[in-house]
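Since the structure comes first, as structure tokens, the remarks are kept for the end.
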Protein chains: 2
Amino acid sequence: MSDHVRIVEVGPRDGLQNEKAQVATADKIALIDRLTATGLQSIEATSFVSPKWVPQLADAAEVFTGIQRKPGVHYPVLVPNEKGYLRAREVGVEEIAVFSAASEAFNRKNINASIDESLARFAPVMAMAREDGVRVRGYVSTVLGCPYQGEVPLADVVRVARELHAMGCYEVSLGDTIGTGTPGKARAMLAAVAAEVPMQSLAVHFHDTWGQALANILACLEIGVRVVDSSVAGAGGCPYARGASGNVASEDVVYMLHGMGMTTGIDLAELAATGRWLAGLLGRETGSRAGKALAVS
Amino acid sequence: MSDHVRIVEVGPRDGLQNEKAQVATADKIALIDRLTATGLQSIEATSFVSPKWVPQLADAAEVFTGIQRKPGVHYPVLVPNEKGYLRAREVGVEEIAVFSAASEAFNRKNINASIDESLARFAPVMAMAREDGVRVRGYVSTVLGCPYQGEVPLADVVRVARELHAMGCYEVSLGDTIGTGTPGKARAMLAAVAAEVPMQSLAVHFHDTWGQALANILACLEIGVRVVDSSVAGAGGCPYARGASGNVASEDVVYMLHGMGMTTGIDLAELAATGRWLAGLLGRETGSRAGKALAVS
């Protein structure tokens, strides 16, 4: 089993999207450029959803054209539909991310569609991407619980992941949107999905709302996952429990991986400095414990 | 392997000892009584070190005589020497805790003694305890790193743990005082100690300074440890990195264990409410992510 773990840094998109403080376009560009300089291989840059839904990321095109893209580093952007895809392609996007919840209730509430309808909406996007040679990453959210329906059947998680993979996603990220998962359940969920989608095409995406993210990541590493989503400074919070923690902090993940003798290619000190700088922009303390410890130790 | 985990709640002693805000004696008593009501089996109540060293716990005798001790629940107190032991026994203490660092530099700096001298100082205390039928718990600190010497040889950790056990400690708690440990090292450390001291006589004590505590606990649970030290609300901070996190929050540990289908006998909602009440007394937010999530979800 490889000792290399690829971190998918989601702070500039998943993180900022859920932050109240408006971040200036120039600062978003500086954030991504600083993240590139840390050695990250994948940085989710922004989202081409409608600015009506996510005003924080209305400057997606400016951000994407403003960043210095480093060869070999991937900069996926979130795309909700064909319109978003075309806007993204206009500015030279080469990797996109599409998404569906594993929870029927969440899909209904979020995009007023069933799981099947939500997947069907992406079919034309996938077709265009295939034609254009654009890589597609898939997100499955609510894999360990849903804010609306509670329990999410494992069969639904497996089905959505399998469909996204079959539709052409080179990687499927499994997200515990509300952070209620614990290590045994996280591992069982990953194992069930990995029975149908190759482990090397899977990523895990944990939220630290209940403090469980790092333990869950460990449990999943132990059965072979080697791609982990995380957010510098823990940016993002939790939209379903205001005031609680959200995305696991990239610094804490990288510290754990390096401590375990695994490689990420990331300069932790640079990453932590970037996280503290971002936290300053957001007007609060960094959400990374390792980031805080590095600053005071 | 048993599915029951005993939590040793250290908030009233290890936690408060490292908190700046002075807590009133009546509040300390209320804290311990509330903790008893949650179903905890072990609650470290206070410390009989000299009030000169730890002013926060100068009221040890009043606290211990003020609490409602529930039959079957253990209330260990920290004891540094014979004088402390005698003060503790005067008020009816039935379990004590003694301590040594695994780091030579830490022992020198902290108590101006070598490891061997520090262990020798406890010999008369152990003898009195044996005679009096008093249970003794042993703490080994700096098991995964030292603020003064950095690396701590695993052989020293094993030696100190073995000695404490041989001297009569029914349980030896292995403490990552500065919280720099990661899961692989934590597990290797525990495994090395468990080769010389029975696993059922070992406990783990992790600090969350670098965000690793829960992952480390998971790694140790996986090789059989069933006793975990933790502090309600994450009380305590880190004296070696001011402003950073310290003791792992009991609520986060209990949430993980229950999620994994393990039992603790603890009412998590009561525990979290106690943690938030304590955080209020300390004038800050609870350091427990689960505690925060429970409050807002």
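The values are calculated or read from the model by the stated rules, or taken from the named source; none is laboratory data. Note that the structure is a prediction, hence the values are computed from the model and not measured. Positions of Cβ are backbone-derived with ideal geometry, glycine not excepted, and every protein chain shown enters the neighbour counts.
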Members of the stretch A:244-267 that are over 19 Å from the mean Cα position of the chain (by Cα) and not hydroxyl-bearing (Ser, Thr, Tyr): A:His258, A:Gly259, A:Met260, A:Gly261, A:Met262, A:Asp267
Residue tally, condition over 15 Å from B:Met189 (Cα atoms), free of Cβ contacts under 8 Å to residues at least 60 places away in the same chain and not in a strand (DSSP E or B), over the stretch B:134-162: 3
Filter result for A:Thr182 (within 14 Å of chain B (Cβ to nearest Cβ) and over 21 Å from B:Met262 (Cβ atoms)): no
Hits in the stretch B:47-75 (condition: outside any helix (DSSP H, G or I), under 17 Å from B:Ala37 (Cα atoms) and not polar (S, T, N, Q)): B:Ile67, B:Arg69, B:Lys70, B:Pro71, B:Gly72, B:Val73, B:His74, B:Tyr75
From B:Ala129, B:Ala191, B:Ala203, residue being modelled with pLDDT of 95 or more, small (Gly, Ala, Ser), closer than 28 Å to A:Met256 by Cα and in a helix (DSSP H, G or I): B:Ala191
Helices (runs of 4 or more DSSP H) wholly inside the stretch B:227-297 that include at least 2 residues being in contact with a helix residue (DSSP H, G or I) (Cβ under 7 Å, 6 or more places away or on another chain), modelled with pLDDT of 95 or more and surrounded by fewer than 24 Cβ atoms within 10 Å (Cβ to Cβ): B:250-259, B:268-282
Out of B:Asp33, B:Asp14, B:Asp27, sole residue that is of a type in the set (Asp, Glu), within 29 Å of B:Pro124 (Cβ to Cβ) and in a helix (DSSP H, G or I): B:Asp14
Odd one out for A:Gly236, checked against (1) in contact with a strand residue (DSSP E or B) (Cβ under 9 Å, 6 or more places away or on another chain); (2) facing chain B (nearest Cβ under 10 Å); (3) under 29 Å from A:Leu57 (Cβ atoms): (2)
Some residue of the stretch A:149-171 being surrounded by fewer than 20 Cβ atoms within 10 Å (Cβ to Cβ) and within 14 Å of chain B (Cβ to nearest Cβ): yes
The stretch B:125-153, residues that are closer than 22 Å to B:Cys238 by Cβ and of a type in the set (A, V, I, L, M, F, W, C): B:Val140, B:Val143, B:Leu144, B:Cys146, B:Val152
B:Leu294 vs. criteria of a type outside the set (Lys, Arg), farther than 20 Å from B:Val73 by Cβ and more than 12 Å from every other protein chain (Cβ to nearest Cβ): no
Residue that is surrounded by the fewest Cβ atoms within 10 Å (Cβ to Cβ) [pool: residues in the stretch B:214-226 that are of a type in the set (A, V, I, L, M, F, W, C) and assigned to a helix (DSSP H, G or I)]: B:Leu221
Residue selected from the stretch B:6-60 under the condition β-branched (Val, Ile, Thr) and closer than 21 Å to B:Cys238 by Cα, by the criterion surrounded by the fewest Cβ atoms within 10 Å (Cβ to Cβ): B:Val54
Condition check for B:Leu174: crowded, with 22+ Cβ neighbours inside 10 Å, modelled with pLDDT of 95 or more and more than 14 Å from B:Ala97 (Cα to Cα): no
Condition met for A:Glu117 (surrounded by fewer than 23 Cβ atoms within 10 Å (Cβ to Cβ), under 21 Å from the mean Cα position of the chain (by Cα) and among the acidic types (Asp, Glu)): no
Of all residues in the stretch A:217-261 being among the small types (Gly, Ala, Ser) and free of Cβ contacts under 8 Å to residues at least 12 places away in the same chain, the one that is nearest to A:Ala279 (Cα to Cα): A:Gly243
Residues of the stretch B:160-216 that turn out to be in contact with a Gly (Cβ under 8 Å, 6 or more places away or on another chain) and charged (D, E, K, R), as a count: 4
Selection status of B:Gly211, assigned to a helix (DSSP H, G or I) and either at the interface with chain A (Cβ under 9 Å from one of its Cβ atoms) or crowded, with 24+ Cβ neighbours inside 10 Å (or both): no
Given (1) more than 21 Å from B:Ala120 (Cβ to Cβ); (2) more than 15 Å from the chain's Cα centre (by Cα), index of the condition B:Arg159 fails: (1)
Residue within the stretch A:186-199 that is touching a strand residue (DSSP E or B) at 6+ places or on another chain (Cβ under 6 Å) and within 14 Å of chain B (Cβ to nearest Cβ) present: no
